[in-house]
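Nothing in this text is a laboratory measurement; each read-out follows from the coordinates by a stated rule. No experiment lies behind these values; they were computed from the predicted model shown. Reconstructed Cβ throughout: ideal geometry from the backbone, glycine too, with neighbour counts over all protein chains shown.
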Amino acid sequence: DIQMTQSPSTLSASVGDRVTITCRASQSISRWLAWYQQKPGKAPKLLIYKASSLDSGVPSRFSGSGSGTEFTLSISSLQPDDFATYYCQQYNSYSRTFGQGTKVEIK
Amino acid sequence: EVQLLESGGGLVQPGGSLRLSCTASGFMFSSYAMSWVRQAPGKGLEWVSAMSGNGGRTDYADSVKGRFTISRDNSKNTLYLQMNSLRGDDTAVYYCATKIRGVTGILDAIDMWGQGTVVTVSS
């Protein structure tokens, strides 16, 4: 199975900060990676697919990059609505593994 | 309106069975692969199972293989998850999910989620 490791697990930041979350795959997944945002009690929301493609309606302050085994999600200027938990997911192999999540907290 | 609505969750004893349903509306259900994803209380997301639009391919997470069965009835726009031999670590919110925007396939990101149904396995 492909393992997905996110870092950090928790991130404290202020409104306006640039934040970056890293996701590493245990083997190459090409660019078959998605990023999701989840708020408490809600279903996840797709932000990025195929490593760097922004889903419809997602603000342009979100961006994704990477290929192979290392990927990043960046938020250029953190907004109050962005405080949430973020997950990466590989869909290169049948196991479709999620990372363990990164919680973005208010500093 | 494009929507996924799960039902069938509840409290079940260890070793018991439960069948979840997901009714889709607002899109051509038979054209889309569907997945189940779960989230244990206070934990992260775990993909559980997926089925192609015509039902010809099914995939399962190792943690549920041999115990869970995914199926669909395209005439009823409904996806199912039959869960047998349930264990405490199956306790979770179960989401029905799919990708409906752009080019889609069974191995794909997820851009549409239901609201989830809660399964609790406890004696």
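Every condition in (1) more than 10 Å from every other protein chain (Cβ to nearest Cβ); (2) crowded, with 17+ Cβ neighbours inside 10 Å; (3) in contact (Cβ under 8 Å) with a residue 40 or more places away in the chain; (4) under 23 Å from A:R96 (Cα atoms) holds for A:K39 except the one numbered (2). Scanning the stretch A:90-98 finds no residues that are away from chain B (no Cβ under 11 Å), in a loop (DSSP other than H, G, I, E, B) and touching a residue at least 40 places away in the same chain (Cβ under 8 Å). Looking at this structure, is A:V58 assigned to a loop (DSSP other than H, G, I, E, B), more than 10 Å from every other protein chain (Cβ to nearest Cβ) and under 30 Å from B:V118 (Cα atoms)? So A:V58 fits the description; yes. Against the condition touching a Phe, Trp or Tyr at 6+ places or on another chain (Cβ under 8 Å), without any contact (Cβ under 8 Å) to a residue 40 or more places away in the chain, within 14 Å of chain B (Cβ to nearest Cβ) and of a type in the set (G, A, S), how does A:G64 come out, does it pass? Considered against the rule, which asks whether it is touching a Phe, Trp or Tyr at 6+ places or on another chain (Cβ under 8 Å), without any contact (Cβ under 8 Å) to a residue 40 or more places away in the chain, within 14 Å of chain B (Cβ to nearest Cβ) and of a type in the set (G, A, S), A:G64 comes out as yes.
From the list A:K45, A:K50, the lone residue that is among the charged types (D, E, K, R), out of contact with any Lys or Arg (no Cβ under 6 Å at 6 or more places or on another chain) and within 14 Å of chain B (Cβ to nearest Cβ) is A:K45. Those strands (runs of 3 or more DSSP E) of the stretch B:2-114 in which at least 2 residues are surrounded by 19 or more Cβ atoms within 10 Å (Cβ to Cβ) and within 12 Å of another protein chain (Cβ to nearest Cβ), considering only elements entirely within it, cover B:3-7, B:34-39, B:45-51, B:58-60, B:92-98.
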